[in-house]
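The next block holds one structure in the form of structure tokens; read it before the comments.
Every number here is computed from the coordinates shown, using simple stated rules; none is lab data. What you see is a predicted model, and the numbers here were worked out from it, not measured in a lab. All Cβ positions, even for glycine, are placed from backbone atoms using ideal geometry, and neighbour counts span all protein chains on display.
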Amino acid sequence: MTEIKKRFHAIKDNIRLIEQESGRTPGSVTLLAVSKTWPAEKLRLVAEEGQQCFGENYLQEALEKMDALADLDLEWHFIGPIQSNKTRDIAARFDWAQSVDRLKIARRLNQQRPDSLPPLNVCIQVNIDEEDTKSGVTADKVLPLAEAISELDRLTLRGLMVIPARHSEELAQRDSFKRAQDLFNSLQQRFKGIDTLSMGMTGDLNAAIAEGSTMVRIGTALFGQRDTRQA
Ligand SMILES: *Cc1c(COP(=O)(O)O)cnc(C)c1O
């Protein structure tokens, strides 16, 4: 078995183990394979092991991989910053947009989602630690934005996507994730169909799962270290 395939199974096992240790329902955490910078052949290897959901940050690169893998039944999640000039392709080609943080972008995605496709699944990206360098809305802006998105009939609001401040200590990581979970709970109380709390990456998935993540976005642990000159 190739290295990537072995790593894939190790990650799946690890997720199940952390679910168990944190008292989460078995199978309640989905794996999103974050494949930015990696060529289509690598994604195919992971898909052969049963992985269906892939996350991409760069539009052009993603479209090329979608074409190369058109023979597979994959689910594509856009997780990078969304500028206005990208919404048409995202609306037409992706199943999910996890990085929505402005009403203007949500409205464009709604307008541009083809009628032949089901509504686009969206998450609101939250800048949970209010870092200047990160995109995403602050916690106080989540409910008003969710209210407005819920009015758009070509979008289905599914939940939140969170990238916390970088901490190596698990306790500090958990503090950010805990606040995200509180926000997620209030969103769930207010709207129907909210089922996705997308948080946890290679360096912090244990903390994220312990604090209620339903989807971890894993790149490095699965595909290896990215070439940052490319990224
Ligand atoms: C790159 C990226 C990831 C994956 O990060 P790793 O540390 O490589 O697992 C997850 N989420 C987002 C939004 C990313 O841009």
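Given a 10 angstrom Cα cut-off, can you work out which residue in Ser213, Ser28, Ser99 is the most mobile in a GNM of the chain?
Ser28
Using a simple charge model, +1 on the beta-carbon of Lys and Arg, -1 on the beta-carbon of Asp and Glu, nothing else, what dipole does region 18-82 show about its Cα centre, in debye to the nearest 20? Write down the numbers at each step before the final one.
On the way: 5 positive and 12 negative charges, 44 e Å.
For this selection, approximately 220 debye.
Provide the net charge surrounding Asn110, with neighbours chosen by a C-beta distance below 14 Å and charges set as Lys +1, Arg +1, Asp -1, Glu -1.
Around Asn110, the charge tally is +4.
Subtracting the Cα-Cα distance from 0.36 nm times the residue separation, let me have the gained length for Ser186 to Glu41 in nm, one decimal. Intermediate results must be reported in sequence, preceding the final value.
Working: separation 145, 0.36 × 145 = 52.20 nm, distance 4.09 nm.
Result: 48.1 nm gained on full extension.
For the chain, set up a GNM with springs between Cα atoms under 10 Å and report which of Met215, Met161, Met66 has the largest fluctuation.
Of Met215, Met161, Met66, the most mobile in the Gaussian network model is Met66.
Just how large is the dipole of the chain about the Cα centre, in debye to the nearest 20, putting +1 at every Lys and Arg Cβ and -1 at every Asp and Glu Cβ? Kindly include the intermediate steps, with their values, before the conclusion.
On the way: 31 positive and 34 negative charges, 66 e Å.
That gives the chain a dipole magnitude of about 320 debye.
Which one of Ala68, Ala47, Ala208 has the biggest mean-square fluctuation once the chain is modelled by GNM with Cα springs under 10 Å?
Top of the fluctuation ranking is Ala68.
Work from the charge dipole of the chain (Cβ charges, +1 for Lys and Arg, -1 for Asp and Glu, about the Cα centre) and give the residue of Gly203, Gln112, Asn185 farthest towards its positive end.
The one lying farthest along the dipole's positive direction is Gln112.
Across the chain, how many lysine pairs, 8 or more positions apart or on different chains, have C-alpha atoms separated by under 18 Å? Please give the number.
Eligible lysine pairs with Cα atoms under 18 Å apart amount to 11.
Testing the spin-label approximation: label points 7 Å from Cα along Cα→Cβ at Arg226 and Lys12. State their distance in nm.
Calculated label separation equals 2.4 nm.
Classify the chain: rounded, prolate or oblate, from the alpha-carbon gyration tensor (a ≥ b ≥ c, eigenvalue square roots; a/c under 1.5 rounded; otherwise prolate if a/b is larger than b/c)? Intermediate values should be presented prior to the final figure.
Numbers: a/c = 1.55, a/b = 1.06, b/c = 1.46.
Because a/c hits 1.5 or more and a/b fails to exceed b/c, the chain counts as oblate.
Quick one: Karplus J couplings for region 31-48, per residue in order, coefficients 6.51, -1.76, 1.60, θ = phi - 60°, nearest Hz, x for Gly and Pro?
Whole-Hz 3J(HN,Hα) from phi for region 31-48: 9, 9, 7, 8, 10, 4, 6, 9, x, 3, 4, 5, 5, 4, 4, 6, 4, 4.
Just subtract the alpha-carbon distance of Ala172 and Asp195 from 0.36 nm times their residue separation and send over the number in nm, one decimal.
Stretched fully, the Ala172-Asp195 segment lengthens by 5.8 nm.
Among rounded, prolate and oblate, which fits region 151-221 when a ≥ b ≥ c are the square roots of the eigenvalues of its C-alpha gyration tensor, a/c under 1.5 means rounded, and a/b larger than b/c means prolate? Before the final figure, lay out the partial values.
On the way: a/c = 2.80, a/b = 1.77, b/c = 1.59.
The shape class here is prolate.
What does the C-alpha gyration tensor say about the overall shape of region 41-174? Classify as rounded when a/c is under 1.5, otherwise prolate if a/b is larger than b/c, or oblate.
oblate
Evaluate E = 1/(1 + (r/R0)^6) for Glu131 and Thr25, where r is the Cβ-Cβ distance and R0 equals 35 Å; express this FRET efficiency to the nearest 0.05.
Efficiency computed from Cβ-Cβ geometry: 0.65.
Quick check: residue separation of Thr138 and Glu75 times 0.36 nm, minus the Cα distance between them. What number comes out in nm?
Here the answer is 19.9 nm.
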